[in-house]
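Structure, as structure tokens:
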Amino acid sequence: MLTLAFLAQTFRIAIPYLFASAGGVVSERVGLIALTLEGYLLGGAFCAILGTEMSGSPWVGVVAGMAGGAALALLYAVCAIRFKANQVIVGVAINLLVIGLTRFFLRLFYDSSSNSPRVEGFTVEQSGTGFVALAQNPLVWLGIVAVVTLGWMLYRTRFGLRIRAVGEHPQAAASVGVPVDRIRYLAAALSGAVAALGGVYLALDQHQFTDGMSAGRGFIALAAVIFGRWDPARVALACFLFAAAETLQIQLQGAQAIPSQFVEMIPYALTIVALATVVGRTAAPAALGKTAEQ
Amino acid sequence: MTVASSMPASTQRAGAARVAVRMTDIRKAFGDCIANAGASLEVATGEIHALVGENGAGKSTLMRTLAGLYAPNGGTVEVNGSDVTGWSTKEAIAAGVGMVHQHFMLVPTLTVAENLTLGSEPVRGIQLDRAAAEAATRELSERTGLRVEAARKVSSLSVGELQRVEILKALYRGARVLILDEPTAVLSPPEVQELWTVLRRLREDGGTIILITHKLDEVMAISDTITVMQLGRTVARLRTAETTPREIARAMVGRDVSLALDALSAPAPSSIAGTGGAHTLLSVRDLRVSTPMRERAVDGVSFDIAAGEILGIAGVEGNGQTELIEAIAGLRPAGSGRVMLRGSDAGEHDLLSLDVRHRGDAGLSHIPEDRHHRGLVLDYTVAENLILGRQHHFSRGAALDHDRIAANAAEQIAAFDVRPRDPATPARALSGGNQQKVVIAREMGRDFQVLLATQPTRGVDVGAIEFIHQRLRDARAAGKAILLVSADLAEILALSDRIAVMYRGRLVTILPRSEASAEKLGPYMTGAESAGGGPTAPAT
Amino acid sequence: MSAAPTPASQRHSRRTKLEEAILPPVVALLLAVVVGDLLILAFGQAPGAVYRLLLEGTWGNWYGLGQVLYKATTLTFTGLAVGYAMRAGLFNIGAEGQLAAGGFAAALVGLALPAGLPWIAVLPVYVVAAILGGGLVGFVPGILRAKFGAHEVITTIMLNYIVLALLAYVVSAHLHVPETLHTEAIASGLLPRLVDISSVFRGSAANATIVLAAAAAALAWWILFRTRRGYELRATGLQPEAAEYGAVHVGRVWWQAMLVSGALAGLGGLNYVIGYKGYYEEGFAAGSGFLGIAVALVGRNHPAGIVVAALLFATLSQGGLAVNALVPKQMVDVLQAVVILAIATAVPEVRRLLRVARRTGDR
């Protein structure tokens, strides 16, 4: 089973999780619950297609996707920090907002209720699905770079230290002059931009945007963040674990006629198991979700 | 910090009597709550200044304004002659004003060095320079005599160590004016002496210290000058050498008050009324409780309380008192042991096998240490809070019996003088003292045999304190058993018939009141003495 | 710190409580109108014309009114579900799956019954089935939270996907009528429709489930505000530590609340399955579960407010169809999300502004 094809497939499935969960780690470490990863993925996908389609270049799509993710994240941050709204409710609302907006703009720009026109991506159809094809996709490399860089940033830079301090004990950080809200906004924008790249990858890989194409991956990425206990390296491993399980089920489906609906269910079931076994959220950043207090 | 010169410190101070801090007519409100309503303060350089007042007088708010955490709504702040009103914490720190808070402002998951340098972290290029941060920490630690380990995670430190880190944090940033908010609340008597030594050393080096406290014995022991606050304004300015505790107390409260302070110096004769042949109402045997943080939070505790007796447990917070009370009350599972309660029907109840509701029905009442989180549902009305924990007794079938609830509320509000009198007032709108009265009305205004009273007068004004103390004495006279846990040694000494000291999960001694005093109890509170007799190695 | 309140300020504080309850929904709806205007203009239409058409298509004719009542019925159930859980401090995002499960359970029962039984006799059976179906799906996240501390936000979202996929499998593999996504027609106990009472409602889906919804709202109110269990549940939602101290079994309150919440959502399934179409169809929930969140928020988690909010959102939903010629109905999806966002931010902000206004007023 552990063939090269299996590994390549796993890697392929893992890419959006890696981007989204990297963004999720940054967001949760600074104290913002990352329910919005789903919205960042979907929004990033749509903006990527929009940017690529209007300019003809997928790189413009990448930038547009990141900008879209960052904008959504800042909206979330403003509501939670400035207006002290409950993070869970705002998170759910933003996800719904992205679904609504993408549908609306699909009608407005492309006069369709389900998909956009096809665009050029980074992958060429003929290169297949193995590692060769993956290596040719600059977003794959970007993904690896993003995960490593974010991990390094969190533990080795000033910004990362401050993020961790703000997410654990914002009053302590404020008492020594750390600009707590500014750190939160910057971290939010960063998390949105990186997570959105997962959607950019998805959209450009499929060469179009389809309604609801993120399909719950944002929540699986959040599960990886929790499963990996908010540590970038462990979270990345969790992403690969989830992706491997999905690949396994897809291969089994082909071999033994397991209904497709059960394949769909597996990542979500795994997520529930993950949550039930990581006893509560005892390792979570102490100030997670607490922007509304005081 | 500059090296002290060869001149005696007092002469130095007289010659260089510059004003380090002058705050004039400060006003500050938070929503409905007016914290400062015209508070003033003046401190000369090289002075240890005490800022006194009751809980809620506005001392912390005033000092946080000085430290840059808040901007005042009115008034001026001058430091070393310059107007700095409304400055930020960053500016305050840069100007040498540092504050050590009552509730430590340290990030638990970071190391001592990281906490020390947070906000001004040493870097090499774009990376953090961990070695430089740790070296700077060690150097400062050695220079000031405040011993800490630079690379340890803050979550693993003891309370005394945490305070040292906090002080170092301020000094690292070059604090010349050091503000300490109730620093001895978490220290045992010997650790308090250690702190005084550190402060005197800092004063000799020319630093200015402002000490927020409500403990008058400390004011007399360490300070040079005093500002007294009451209800948000300054009511008196005194020189310590020229005043007495009584005078300070009168200024704090506006009337003559019999001081529990007297109880500290002279042991009172024991006054166990009517306990001849008294039954044991609460019996605890070999109780063990473990928490995720500490495996032996309560490490084999045994004691009895007789009818008509108050057993006081003294000890620095964090030695297992909270876990002990929670285990008896049913809010925390016990690992092993037995707790038996003798009910009004003279039957024995095995408390550990009962849930909270049935422990209450058996005759156990509990005044929790945190009325804001445990004792009251702040958004519920006074009437609704008065049945909390007893709602089963105010129901008819599935429905609540609103008539009985209203009658109960009227009765309790009158009996315990809760203001305002409207039972539909949300608990949130009450003052601290009245909130506590609601809790006490509920817990003591019913049929009970044993009362667990934890920090019963914390954050409560003096008038209400007297009321509550009297209620406790009345309950004792009526033959109830009371387990009193308090961080206020004076309160323990004033009320208890016997006094136990809890240290590291064990009761290291139990003394009758006649044999107890602060000097006697201090060593037990730090672990220098233990029940086995003879001093053991002092704990760090 | 501040002086104790006087009787006059008691009335004052009760009025403020009302203000704090009503103002945020008003603000949120105003914001939704503004955003709606922008979206309408983006499509090159005039807001005025669109809103007029919206009102005409909903409250302006009997068919529209019938449709509004029909949709409001489902939304009342899902709104009650979310609101009830919220009162216990829980976020039930799974009403969508619970709704589908409840409807499916009723359909299963209906397919098993012999044909021709009168609805009065069979209705209790359907009700029980819907409660069990939805309740089971609600119970799982509840018990996971109580026993393992697994946050129900994510587990309910996950279960949505799982339940919907499972139901899709069962229907497509075993129960569906070929070439369709629905089961066979149920032959027993279908509920009377409004059109049976008066022919002006011809064509609308409104049916007797409306009565069930009203009864459910009344029951929810009674439980929450008049019973001991409701007292304990609300205390748990406000301050779980105080509730624990107050002899409440917090874990039990949690899973019981999720069970009831799921059951309420499940009952909503009856509206479609035995009230309207007479069969279970894949996707019949169509977002009502998520809309329930908006309904609960606008209704401030109070059964009376939820009923009003349900009517509001039903109007919006039906109105979207009515104006589809001018502006895509997807605009309604956006507006719903905007309302939730606006309410979430308005509640703390209004509270803060009222406090400031009160202070300056007091001077």
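What does the charge dipole of the protein assembly as shown about its Cα centre add up to, to the nearest 20 debye, if the Cβ of each Lys and Arg holds +1 and the Cβ of each Asp and Glu holds -1?
My answer is approximately 1160 debye.
Taking the Cβ-Cβ separation of B:GLN127 and A:VAL78 as r and a Förster radius of 35 Å, what is the calculated FRET efficiency to the nearest 0.05?
Here the calculated transfer efficiency is 0.65.
Give me the one-decimal nm value for the distance between modelled label points at B:GLU411 and C:VAL128, 7 Å along each residue's Cα-to-Cβ direction.
Going from the B:GLU411 label point to the C:VAL128 one covers 4.4 nm.
So what are segment B:68-218's ellipsoid semi-axes, whole angstrom, largest first, if each one is the square root of 5 times an eigenvalue of the alpha-carbon gyration tensor?
Listed largest to smallest, the semi-axes of segment B:68-218 are 24, 22, 14 Å.
Just want the answer: with Cβ charges of +1 for Lys and Arg and -1 for Asp and Glu, which residue in A:GLY65, C:VAL170, B:GLY505 is farthest toward the dipole's positive end in the protein assembly as shown?
Result: A:GLY65, furthest along the dipole toward the positive end.
How high is the relative contact order of chain B, in percent, counting Cα pairs under 8 Å that sit 6 or more residues apart?
Rounded, it is 14 percent for chain B.
What order do you get for A:107-115, B:329-337 when each peptide is scored by the mean count of other beta carbon atoms within 10 Å, highest first?
The densest-packed peptide leads the list: B:329-337, A:107-115.
Can you give the convex hull volume of the alpha carbon atoms of segment C:45-362 per residue, in Å³?
Roughly 165 Å³ of hull volume per residue.
Run the numbers on chain C and let me know its relative contact order in percent, using alpha-carbon pairs under 8 Å that are six or more apart.
Values: 631 pairs, mean separation 123.6, N = 363.
Averaging sequence separation for qualifying contacts and normalising by length gives 34 percent for chain C.
What angle, in degrees between 0 and 90 and rounded to the nearest 10, separates the Cα long axis of helix A:158-168 from the longest principal axis of the Cα atoms of chain A?
Helix A:158-168 sits at roughly 80 degrees to that axis.
Apply the Karplus curve 6.51 cos²θ - 1.76 cosθ + 1.60, θ = phi - 60°, to the phi angles in segment B:355-372 and return the couplings in whole Hz, x for Gly and Pro.
Values, residue by residue: 8, 3, 4, 6, 5, x, 4, 6, x, 9, 10, 9, 9, x, 6, 10, 6, 6 Hz.
I'd like to know which of A:ILE13, A:PHE105, A:TYR76 lies farthest towards the positive end of the charge dipole of segment A:1-148, counting +1 on Cβ of Lys and Arg and -1 on Cβ of Asp and Glu.
Farthest along the dipole direction, towards plus: A:TYR76.
How far apart, in nanometres, would the label points at C:GLU56 and B:HIS393 be if each is projected 7 angstrom from Cα along the Cα-to-Cβ direction?
Spacing of the two 7 Å Cα→Cβ label points: 6.7 nm.
Would you please give the FRET efficiency between A:SER55 and A:ALA233, computed as 1/(1 + (r/R0)^6) with r the Cβ-Cβ distance and R0 = 35 Å, to the nearest 0.05?
With R0 = 35 Å, the Cβ-Cβ based efficiency is 0.45.
Compute the signed sum of charges (Lys and Arg +1, Asp and Glu -1) over the other residues within less than 12 Å, Cβ to Cβ, of C:THR209.
Residues near C:THR209 contribute +2 overall.
Once you put a point 7 Å from the Cα of B:LYS153 and another 7 Å from the Cα of C:THR180, both along the Cβ direction, what distance in nm separates them?
For B:LYS153 paired with C:THR180, the spin-label model returns 6.1 nm.
Quick check: the angle from helix A:217-227's long axis to the longest principal axis of chain A, C-alpha only, nearest 10 degrees?
It works out to around 50 degrees.
Can you classify segment B:380-483 as rounded, prolate or oblate using the Cα gyration tensor, where a ≥ b ≥ c are the square roots of its eigenvalues, rounded means a/c under 1.5, and otherwise it's prolate if a/b beats b/c and oblate if not?
Here segment B:380-483 falls in the oblate category.
If you take the square roots of the eigenvalues of the alpha-carbon gyration tensor of segment A:4-277 and sort them as a ≥ b ≥ c, do you get rounded (a/c under 1.5), prolate (a/b over b/c) or oblate?
Prolate.
Would you mind ranking B:HIS392, B:HIS349 by Cβ crowding within 10 Å, fewest neighbours first?
By the 10 Å Cβ count, ascending: B:HIS392, B:HIS349.
How many percent of the alpha carbon pairs in chain B exceed a separation of 32 Å?
50
I'd like the orientation of helix A:87-110 relative to chain A: the angle between its Cα long axis and the longest Cα principal axis, in ° from 0 to 90, rounded to 10.
40
Can you tally the net charge around C:PRO24? Count Lys and Arg as +1, Asp and Glu as -1, for every other residue whose Cβ sits under 12 Å from the Cβ of C:PRO24.
Working: positive: C:ARG300, C:ARG351, C:ARG352; negative: C:GLU19, C:GLU20, C:GLU349.
Cβ neighbours under 12 Å give a net charge of 0.
Roughly how many debye, to the nearest 20, is the charge dipole of segment A:4-277 about its Cα centre, given +1 on each Lys and Arg Cβ, -1 on each Asp and Glu Cβ, and no other charges?
Dipole size: approximately 900 debye.
Work out the length of the dipole vector of segment C:45-362 about its Cα centre, built from +1 on the beta-carbon of each Lys and Arg and -1 on the beta-carbon of each Asp and Glu, and round it to the nearest 20 debye.
Charge dipole of segment C:45-362: 1000 debye, to the nearest 20.
First check a/c for segment C:196-352, with a ≥ b ≥ c the square roots of the eigenvalues of its C-alpha gyration tensor; if it is under 1.5, answer rounded, and if not, answer prolate when a/b is larger than b/c or oblate otherwise.
Here segment C:196-352 falls in the oblate category.
So for segment A:1-147, averaging the separation of alpha carbon pairs under 8 Å that are six or more residues apart and normalising by length, what relative contact order in percent results? If you can, show how the numbers build up before the last one.
Details: 133 pairs, mean separation 41.5, N = 147.
Normalised by residue count, the contact order of segment A:1-147 is 28 percent.
Could you give each residue of segment C:314-322 its phi-based ³J(HN,Hα) in whole Hz, using Karplus coefficients 6.51, -1.76, 1.60 with θ = phi - 60°, and x for Gly or Pro?
5, 4, 4, 5, 5, x, x, 5, 5
A short reminder: the numbers here are calculations on the coordinates, not readings from a lab. Note that the structure is a prediction, hence the values are computed from the model and not measured. Note: ideal-geometry Cβ built from the backbone for every residue, glycine included; neighbour counts use all protein chains shown.
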